[in-house]
Amino acid sequence: MKNRVIRGIPVSPSIAIGKVFLYSPKDITFKRIKKKGSVDEEICKFEKSRRKSLRQLRALKSELKKLPTKEPVRLIDIQILFLQDPLLLNSVEKRIRNNKEAAAEAILNLLESLKRDFQEIPDSYISERYLDVKDVGDRLLKNLGEDEIEMELKGHNNIVVAERLSPTETAQMSVDKVSGIVTERGGKTSHIAIIAEALNIPAVVGVNGLLNETESGDEIIVDGISGIVVVNPDENTKRTFEQKEKEAERIQKEFLKHKDLPATTIDGYSIDICANIELPMELGFIKKYGAKGVGLLRTEFLYLTSESIPDEDEQYRFYSEIARVCSPDYAIIRTLDLGGDKVFKTKTKEEANPFLGWRGIRFSISNNEIFRTQLRAILKASSKGNIRLLIPMVSQVEEMIEVRKIVKDIMKELKKEGHPFDENIEIGAMVEVPSVCLLADHFAKVVDFFSIGTNDLTQYTLAVDRGNKRVSGLYDHLDPSVLKLMRVTVEHAHHNNKWVGVCGGIAADIVAVPVLIGLEVDELSLPPSFIPQVKNVIRGLSLKEARELLTQAEKMRSATEVREFLKGELLKRFPSLKNILLEVEK
Ligand code: PEP
Ligand code: MG
């Protein structure tokens, strides 16, 4: 079909046009396990495959070390550790010995059971970590000689289209052969998204129905700015996107030139623009894209990319490094925001509504040891720079009172032990639940600042699961109800002399910039590569007109109306954004 437009989640702000390389690793099934040897033969086969896999990964690691970013190497390290984990060896060996399974069967069965464990985890960060395990499993199977999983890319301008890609598969792609990536699965925070951004490959993930619409060799457009994918574009569409691609490149370059200018409106209103960070490899992006510091460190990643729960020392080193890189600016460290107890494989029953369940601070308060270890590490690191503490998934004032009590107690402990720390460390609450907005006046008495997380605030306000594709059309952070909740929060906070930041996805949405300025929030925190363009728009607006635009937007009935209205207004002021904002009709 000509000109088929499909939408997904934009990952890296650039565009590519090329030919589809359909990547579908052949399903490895039991049918393909040809013949089973004796128990010893199967164990020996497994061991050989494990060693071969280790050799390959080490060789790959030394290749990847040449890349400017360290994340691909870190991911390979995780896989190497997994291959050396005695738990893996024992589980496979047990299956071969006790269940009389062939080596390949044992690996497949283990993968199946791990998959079930991971799927039970509601948090997408964690459930996506199954891909690392699966990646190692596929390599082991391949090295058993039971199947072939090859990715052979010919020529240039390949757009890799896949149901999903593992971190190693992504990292293995040679950048000169792959000009874009589109996957059916994956979210903003998936490994594929992180690696694609690190390698600067235009990518769109979470594209519903992608595989039904594409065949190898099809022409395809990947727009990592708007999340649009066009299969077999007609000449007109192609020309439009080629133009957009050129223009986007030119504009991004232009924006980057001014990345270090302050984010000040034409009538003198200034706002801090900070970076959202998940991993150590992103630290280099803070200065590269002109961020003022870190407005949100999602510490979950430190736990998820470690073999076990990171100890106080490991956390302390990471947090201290962030404080050092950001200095003299601040770094806001958010405590663990895990989605459920399954993470640590405790015996608690599955939750019927995990998003309304044991998340964020609720989890931390009831896992005292994990929480205290993290708080100790953050407090100790606060002696190395300007660190602020942020608490996720708060819904009741009592939770913040409890946090303060625990922090006070830890401070006493550290004092006794002779560790220095910032006694006046600011403690803030994430605003993700509508109750916090409506009771912000009370919260303001027990917090030093607020950080609005629109990703969750939108899902809880509109009752739309942020990860459910069936209702994703109903999800938009520009809904007037969300804007009103944000306004209430800012008004109460400012009335109590508390500052407010915004660290959810709205802060990277260029169309939303006028309303965020109109709200007079004090800080925006967003993925680093989006910072130059957001700063640029702020510098071209006045606070006065932003306030007026917000007032008009709040009177509207729906997110669609707000988005259309703001887009129109933005284009009037910044005609050069036409190519960044342009979308093809569905
Ligand atoms: C948010 O909810 O907007 C937020 C920033 O937190 P996360 O995306 O990590 O849930
Ligand atoms: Mg959140």
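For the reader, a short list of remarks on this structure follows.
- Cβ-based charge dipole, the chain, positive-most Cα from 38, 229, 472: 38
- Per the Kirkwood formula applied to alpha carbons, segment 460-586 shows a radius of gyration over Rh ratio, Rg over Rh, of 0.95.
- Along each principal axis, Cα extent of segment 278-324, largest first, Å: 34, 18, 15
- The orientation-averaged projected area of the convex hull spanned by the Cα atoms of segment 39-144 comes to 6.8 nm².
- Take the Cα radius of gyration of segment 193-307 and divide it by 2.2 N^0.38 Å, N being the number of residues; the result is 1.37.
- What the Cβ-Cβ distance of residue 438 and residue 40 gives, at R0 = 41 Å and to the nearest 0.05, is a FRET efficiency of 0.05.
- The chain: Rg to Rh, with Rh as the Kirkwood radius over Cα pairs: 0.97
- Beta bridges assigned by DSSP with both partners in the chain are antiparallel in approximately 30 percent of cases.
- Length gained when the stretch residue 471-residue 455 is fully extended (0.36 nm per residue, less Cα-Cα span): 4.3 nm
- Between residue 484 and residue 352, full extension at 0.36 nm per residue minus the direct alpha carbon distance yields a gain of 44.5 nm.
- Pairs from the list 19/238; 292/578; 70/115; 246/288; 384/408; 61/380 with a Cα-Cα gap above 24 Å: 292/578; 70/115; 61/380.
- Computed over segment 259-582, Cα set: Rg, Dmax in Å: 19.5, 61
- The chain, helix-only ellipticity at 222 nm - DSSP H runs n ≥ 4, -39,500 (n - 2.57), divided by all residues, nearest 500: -14500 deg cm²/dmol
- Nearest-20 debye value, the chain charge dipole, Cβ charges on Lys, Arg, Asp, Glu: 860 debye
- Legend: calculated FRET efficiency, residue 324 to residue 288, from the Cβ-Cβ distance at R0 = 22 Å, rounded to 0.05, equals 0.85.
- Nearest-0.05 FRET efficiency for residue 404 and residue 109, computed from C-beta distance (R0 45 Å): 0.40
Values quoted throughout were computed directly from the atomic coordinates according to the rules given, and no laboratory measurement underlies them. For clarity, every value in this text was computed on a predicted model and none was experimentally measured. Cβ sites come from the backbone with ideal geometry, for glycine too, and all protein chains shown count toward neighbours.
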